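Visitor: Here it is, the structure in full.
The values are calculated or read from the model by the stated rules, or taken from the named source; none is laboratory data. Keep in mind it's a predicted model, so treat the numbers as computed, not measured. Quick reminder, even Gly has a Cβ in these numbers, built from the backbone with ideal geometry, and neighbours come from all protein chains shown. All accessible areas refer to the heavy atoms of the entire protein, side chains included, with ligands and DNA or RNA removed. Shrake-Rupley method; radii C 1.70, N 1.55, O 1.52, S 1.80 Å.
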Amino acid sequence: MNKKQKKILIRILISLILLITISFIPLNGKWNLLINLIPFIIIGWDVIFKAVRNILHGQIFDENFLMSLATIGAFVTGEYKEGSAVMLFYQIGELFQGYAVGRSRKSISSLMDIRPDYANIEVDGKLIQKAPEEIMPGDIIIIKPGEKIPLDGIVINGNSTINTSALTGESVPREVSAGDDVISGCVNLNGLIYVKVTKEFENSTVSKILELVENSSEKKSRSENFITKFAKYYTPCVVIGAVLLAVIPPAITGEGWVNWMHRALTFLVISCPCALVISVPLSFFGGIGCASKNGILIKGSNYIEALTKTDIMVFDKTGTLTKGVFKVTAVHPESVSENQLIEFAAMAESYSDHPISQSIKELYKIEIDKSRVSNYNEISGHGVKCCIDGNLVCAGNNKLMDDIGVKWHPCHHAGTIVHVSVNNEYAGHIIISDEIKPESEKAIELIKKNNIRTVMLTGDTNKVGVQTAKKLKIDVVYTDLLPQNKVEKVEELIENKKEDRKLVFVGDGINDAPVLTRADIGISMGAIGSDAAIEASDIVLMDDNPAKIPLAIDIAKKTLRIVKQNIIFALSVKMLVLITGALGITNMWAAVFADVGVSVIAILNAIRALKFDNKK
């Protein structure tokens, strides 16, 4: 509880004690009015002040105006205790609201703790602290155990374990050593590491994430926009209704004005739209906070609402459903031994940094003596030609084998095939495959349980794509696609989706920016450190775990359920009590429940959006 909330609580307690005490004091006339004004002023002076200030600024019809009008009116009609009690319970509702908003903000603030305070640099053998904004790419920073990593960079010296939970929601730490990338916002746990900075602070991961979260409230859902418009027209209508209720019946029937004035004031108290105006945005804010605690950054409440209407979910394959790490899965020698085939292939690929080349060199496990390699010639889209110890070695795809006139053999395994020939004789082939993530199959299963059609787009061959889709039980797969073809396919799918439903595209965030932007909702996978993902996507998963997608859907559905519950509950109770209040059946105390009671219940219900029990 902050200072402001503590002050309100003290005022509530003082006013409550005074009201109870006054009820035992037998006073009449002006003395009764004066003594009852004391608790009223203590508990309601700020509400009246806000109402006057807002009127002077042209903002008349707000909750402060309604409460001031109703409670002052109660005093005018001689209902002193009711006037003070209404203001007292209104402030209790405000206290609950402040607490609920504080809880929601705390869930977001825990993410804000990733903001670094300083960066260490070495000057004349001494460590000095500088603001992260002053550090430039190429500078060397030193991160001690227990410190936050202030900027994105590459480890050049030292070994350590880093905690990424603030970004990913996962508690398992990651080992880093020289050559590994590290990102800002993580915590260095146990070792001293030297990091070469690769990005300015304003372009760093932590800066982009903070900007994303801070702006998330700007993109409102349809429900929030509806409530805003509803309150804009609803409030002046009920004020006019209250005035008519106070004037017309006594003018027609000749009854006393006091009774109908009292009904009109009761009508005003009931009509205050606090429960809706507060609880609906609070529910969405809670949903965004809950998602952020689970490593899911949602850029606005409109995407929470849209996620619950998903009809088709389209996946990129590499880096999204698969690890994006190529690994040798089979070696099939023909005219040489298996070891010789691996050695020839590794040496032929020695000058290449392509992931496929790297996987072959990792399998070889021996430091390559490049002096044995001569006449190296890399042929784009085909492979490599070179001489190894005087032997002409060619390593590449079937196009290269066809070009040099070597008869090659197809393979029954799915994957990228590297054919190798030695002195124009076929030596065999090596199969490199991308491993499916262990969470992908369960994620697809849970997504399909939500009656969502699944589609996979990939640039891989038909054989590889179909095999992956079959294993993951994906409904439709399109293969051999270039980036522009993916955009075309997504546009086709958008045209064929159900009316008023959404298409979601899930990509690895590196080369999928055009498709992420074109989809109704773009979700980026493995987005740590990827500028394209954070900029282009609507929802950012801070690790590469596809299981976070059904979790995001479940959080969105729970949030929307809470929003609908609050809208239906608040409107139902208010309409009922408005009618009974106008007929004189319910009094000011029922009005207090209809306003403050409904607000408190709706706020407490909204707080539930902060928590999600993920037992899947």
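Visitor: I'd like to verify a number: residues in region 280-296 that are open to solvent by 10 Å² or more (accessible area, probe 1.4 Å) and either acidic (D, E) or touching an Asp or Glu at 6+ places or on another chain (Cβ under 9 Å) (or both), how many?
Guide: Qualifying residue count, region 280-296: 1.
Visitor: Further, regarding this structure: Among V314, V325, V336, V393, which is in contact (Cβ under 8 Å) with a residue 40 or more places away in the chain and open to solvent by 40 Å² or more (accessible area, probe 1.4 Å)?
Guide: One residue alone meets the criteria, V325.
Visitor: Can you spot a residue in region 20-38 that is within 26 Å of F285 (Cβ to Cβ) and without any contact (Cβ under 8 Å) to a residue 60 or more places away in the chain?
Guide: Within region 20-38 (the criterion being within 26 Å of F285 (Cβ to Cβ) and without any contact (Cβ under 8 Å) to a residue 60 or more places away in the chain), the answer is no, since none of the residues qualifies.
Visitor: Please find, within region 36-82, the residue that is least open to solvent (accessible area, probe 1.4 Å) out of those that are of a type in the set (D, E) and closer than 12 Å to L265 by Cα.
Guide: E82
Visitor: Looking only at region 452-461, which residues are assigned to a strand (DSSP E or B) and more than 22 Å from K309 (Cα to Cα)?
Guide: Passing the criteria: none in range.
Visitor: Across region 427-449, what is the number of residues that are surrounded by 15 or more Cβ atoms within 10 Å (Cβ to Cβ), touching a strand residue (DSSP E or B) at 6+ places or on another chain (Cβ under 7 Å) and not hydrophobic (A, V, I, L, M, F, W, C)?
Guide: 6
Visitor: While we're here: Quickly run through region 339-351 and pick out the residues that are open to solvent by 20 Å² or more (accessible area, probe 1.4 Å) and not hydroxyl-bearing (S, T, Y).
Guide: Residues satisfying the conditions are N339, Q340, E343, F344.
Residues checked against (1) surrounded by fewer than 17 Cβ atoms within 10 Å (Cβ to Cβ); (2) in contact with a Pro (Cβ under 7 Å, 6 or more places away or on another chain); (3) farther than 30 Å from A547 by Cα; (4) modelled with pLDDT of 85 or more:
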| residue | (1), (2), (3), (4) |
| --- | --- |
| T161 | yes, yes, no, yes |
| G179 | yes, no, no, yes |
| S221 | no, no, no, no |
| K232 | yes, no, yes, no |
| A242 | no, no, yes, no |
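Visitor: For region 301-330, how many residues meet the condition of being touching a Leu at 6+ places or on another chain (Cβ under 6 Å) and farther than 30 Å from E491 by Cα?
Guide: 1
Visitor: Quick one: would you say V464 is over 30 Å from A306 (Cβ atoms), assigned to a loop (DSSP other than H, G, I, E, B) and among the aliphatic types (A, V, I, L, M)?
Guide: It is false that V464 is over 30 Å from A306 (Cβ atoms), assigned to a loop (DSSP other than H, G, I, E, B) and among the aliphatic types (A, V, I, L, M).
Visitor: I'm trying to understand the selection: among the residues of region 427-451, which are among the acidic types (D, E) and either touching a helix residue (DSSP H, G or I) at 6+ places or on another chain (Cβ under 6 Å) or part of a helix (DSSP H, G or I) (or both)?
Guide: Residues satisfying the conditions are E441, E445.
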